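Report on the following structure.
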Amino acid sequence: MAENIKVPTMAEYMAEGKKPEVLFWVGCSGSFDDRAKKITKAFVRLLNRANVDFAVLGTEESCTGDPAKRAGNEFLYQMQAAGNIEVLNGYEIKKIVTTCPHCFNIMKNEYPGLGGNYEVMHHTTFLKSLLEEGRLTVEGGKFKGKRITFHDPCYLGRGNGIYEAPRDLLRKLEVELVEMKRCKKDAMCCGAGGAQMFKEPEPGKEDVNVARTEQAIEVKPEVIAAGCPFCNTMMTDGVKAKNREDNIAVMDIAEMIATAEDL
Amino acid sequence: MQILAQIVFILALAIGIGIFVRNIRRMIRNIKLGREIDRTDNPGARWRKMAKIALGQYKMVRRPVSGIVHVIVYIGFIIINIEVLEIIIDGIFGTHRIFAFAGEPYRYLIGAFEILALLVLLGVIIFWIRRNVMNIYRFRAREITSWPKNDANYILYFEMVLMTLFLVMNAADYQLQLNLAPHYAMTSGEIAGAFPVSSFLLPLLDGFSNSTLIIIERTAWWLHILGILFFLNYLYYSKHLHILLAFPNVYYSKIRPKAEFDNIDAVTKEVQLMMDPDTDPFAAPAEPEGEAEGEPAKFGASDIFDLNTVQLLNSYTCTECGRCTDQCPANNTGKLLSPRKIMMDTRDRLEEVGENINKNGKFVDDGKQLLDDYIQREEIWACTTCQMCVEACPVGIDPMSIIVEMRRYLMMEQSAGPADLNNALSNIENNGAPWPYNQMDRLNWATEN
């Protein structure tokens, strides 16, 4: 599929003496992980469709330091943060959107104390605002009437109190939204947080992602909707572990909207 | 005789309250062993949170069964304590039901106390059944054995006995009033109080002489008030301190988003120094401000001295209800980590240090610390920092913050992170991503298919 997506960089904008409306912070997962790259591209297609004037940092972007901070390596986190803040402030960035709740949280809550003050939005909130402004339209299409459950990312939901934006988007898709027993404030972690993504789990009777996937399977969804590239990986692995990959898909909400709109 | 009783009562009261005050002062001294943390900002939001969560029991009722029963016991406990005020005044001055002159309102009040006492009794029985008969995981987890298990049951037995004594006391009192016994019966001929519950106990007292009834009434009265004084002092040694500490604990709890971790200022200074091109690399290190001479402050925490005062207050407040552990993804999947155990260990170590200070006048190194001697590294590394424990706690405890402090110690003081995690962090350091990809390839996704 030779698709044509426009991904301007901040350096290009700077060269033209222009400033974008919003910076799209892609994140490590969105840049390098094959599964997450699809989410990144789907979101870019939506931004293109809505004529959002955005740019990415491209090769000037670097890890926010989230895994380092949650793992306890404050030095490494603050080194990463200092570098990123220097770049962001250098471009006079005011508004950031990201598809990763971990990047979202750290830049929204923890960068201000280090001199990085931006309006930071998770892509579900941003997409919702595009809909409200009438810049993007979403119709049920392919997902109309399908049973969908939403897995709340810890760093978006419990961590920052955002529960409704992703659900509002799903409602726009006219899906049959079913909630897991543990949802919203009580949602169970996918098992990736706190830098667990990058280490083997401690000994136990089950992996967290499998336990969480079992909870999702209980409500018999056709799609497990996610809003975080790490949750996406964990839930996808969980679905595979339960041999259900033939009838349960794990998709980011941005991908669902892009698919529904045939983008 | 009457004077003697009054003197004994005043002595008992003084001793009971005296020991309580001593224990509370020790507790405050122990809490102050922690690092200072400023949680005095935004008092409006803090008072509101306290009203909602501590006073209003907002989080308790998120689990309806235990929540509603708890609310009944809580309301009963608080309101029945108004009666304790009268008992204390009667005890000091040798009076009988001093507030009875209020007439009708007094009757309503005593009647309400009786109904509440019965409800508390039933509530406590339900709690006992939940804890001992039903198979509820959080009451049977591995950290709830020996003392923690017994402690919980002792409190329940205690409340059962106190409520029974209260009702027996009222029944005997009522019968004495009906018998027009001197000192008990009011001169007006009215009945002091109303006894909707204890009047059902009257058949049990049938045929007893006034002197026997007085013995029953006095025995129940004395055991009840002495029991309350004992309970007051039992608090410090038990998980039941939450009845007092829930309020300050919620007040001083974090009001920022749960996913926001604090930035370590000392690290910020180091990083600024490293990134400043004007720094003289040969300059003698400046004396860090506000630190004890010689020894620089530790990064993270390996013992209670490295935790902040709010975290130590948290440990005294913990009721060991286990709602945190019950929803912890690591614990749910059989890992060693239990957020409740983190709090219990912190308190146990803090008490050990406190005892050490009581004995030696100041802390004498005992060769132990919170990390390793109480909390295992395997527990620390199993946390997903999902904040479920923080969300679940009905009294605003933050077990996750202690876990994070210990990770900071292990990472920055000991370089003792798990090897696979260290690889990811090296990658971040070297190429700006947790995986070994080149930073220059970061935009490849935009052009590849």
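Numbers for the structure displayed
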read-out: Selection from segment B:41-93 of residues that are over 18 Å from the mean Cα position of the chain (by Cα), among the charged types (D, E, K, R) and under 23 Å from B:Ile125 (Cα atoms); value: B:Arg62, B:Arg63, B:Glu83
read-out: Meets criteria (among the hydrophobic types (A, V, I, L, M, F, W, C), crowded, with 17+ Cβ neighbours inside 10 Å and within 30 Å of B:Phe127 (Cα to Cα)) for B:Leu213; value: no
read-out: Filter result for B:Ile243 (in contact (Cβ under 8 Å) with a residue 40 or more places away in the chain, at negative phi and within 12 Å of chain A (Cβ to nearest Cβ)); value: no
read-out: Criterion violated by A:Thr99 - all others in (1) farther than 23 Å from A:Cys231 by Cβ; (2) touching a residue at least 24 places away in the same chain (Cβ under 8 Å); (3) more than 9 Å from chain B (Cβ to nearest Cβ) satisfied; value: (1)
read-out: Residue in segment A:5-30 that is farthest from A:Pro101 (Cα to Cα), counting only those that are assigned to a strand (DSSP E or B) and of a type in the set (A, V, I, L, M); value: A:Val22
read-out: Hey, B:Arg349 of a type in the set (Lys, Arg) and within 20 Å of B:Val310 (Cα to Cα) or not; value: yes
read-out: Flag for A:Leu169 being at the interface with another protein chain (Cβ under 9 Å from one of its Cβ atoms), in contact (Cβ under 8 Å) with a residue 60 or more places away in the chain and touching a helix residue (DSSP H, G or I) at 6+ places or on another chain (Cβ under 6 Å); value: no
read-out: Qualifying positions in segment B:76-115 - free of Cβ contacts under 8 Å to residues at least 24 places away in the same chain and in a helix (DSSP H, G or I); value: B:Ile78, B:Asn81, B:Leu85, B:Glu86, B:Ile89, B:Asp90, B:Ile98, B:Phe99, B:Phe101, B:Ala102, B:Glu104, B:Pro105
read-out: Test for A:Ala211: is it part of a helix (DSSP H, G or I) and either within 20 Å of B:Phe261 (Cβ to Cβ) or among the aliphatic types (A, V, I, L, M) (or both); value: yes
read-out: Close pairs from segment A:212-234: first closer than 9 Å to A:Cys190 by Cβ, partner small (Gly, Ala, Ser) and part of a strand (DSSP E or B), Cβ under 7 Å, at least 6 apart; value: A:Asn232/A:Ala226
read-out: Of all residues making up segment A:126-181, the number that are within 20 Å of the chain's Cα centre (by Cα) and of a type in the set (Gly, Ala, Ser); value: 5
read-out: Residue in segment B:344-357 that is assigned to a helix (DSSP H, G or I), within 14 Å of another protein chain (Cβ to nearest Cβ) and of a type outside the set (A, V, I, L, M, F, W, C) present; value: no
read-out: Unique match (being facing another protein chain (nearest Cβ under 9 Å), outside any helix (DSSP H, G or I) and either closer than 27 Å to B:Trp435 by Cβ or modelled with pLDDT of 95 or more (or both)) among A:Glu245, A:Glu179, A:Glu202; value: A:Glu202
read-out: Test: residue in segment B:368-379 that is within 13 Å of another protein chain (Cβ to nearest Cβ) and not in a helix (DSSP H, G or I); value: yes
read-out: Segment B:246-277 - residue that is over 19 Å from B:Pro296 (Cβ atoms) and small (Gly, Ala, Ser) and, of those, farthest from the other protein chains (Cβ to nearest Cβ); value: B:Ala246
read-out: Candidates B:Leu202, B:Leu180, B:Leu167 - the one that is of a type in the set (A, V, I, L, M) and not in a helix (DSSP H, G or I); value: B:Leu180
read-out: Wholly within segment B:245-336, helices (runs of 4 or more DSSP H) carrying at least 2 residues that are at pLDDT 95 or above, of a type in the set (Ser, Thr, Tyr) and buried (at least 23 other Cβ atoms within 10 Å of the Cβ); value: B:309-317
read-out: Residue within segment B:387-402 that is facing chain A (nearest Cβ under 8 Å), farther than 25 Å from B:His240 by Cα and under 25 Å from the mean Cα position of the chain (by Cα) present; value: no
read-out: Residue match in segment B:155-171 (condition: of a type outside the set (Phe, Trp, Tyr) and farther than 24 Å from B:Gly227 by Cβ); value: no
read-out: Selection count where residues are farther than 13 Å from A:Ile224 by Cβ and away from chain B (no Cβ under 14 Å), scope segment A:132-166; value: 15
read-out: Residue count, segment B:422-449 (criterion: at the interface with chain A (Cβ under 7 Å from one of its Cβ atoms) and either touching a residue at least 40 places away in the same chain (Cβ under 8 Å) or outside any helix (DSSP H, G or I) (or both)); value: 8
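The values are calculated or read from the model by the stated rules, or taken from the named source; none is laboratory data. Here the structure is a predicted model, which means the values were calculated and not measured. All Cβ positions, glycine included, derive from the backbone under ideal geometry; neighbour counts span all protein chains shown.
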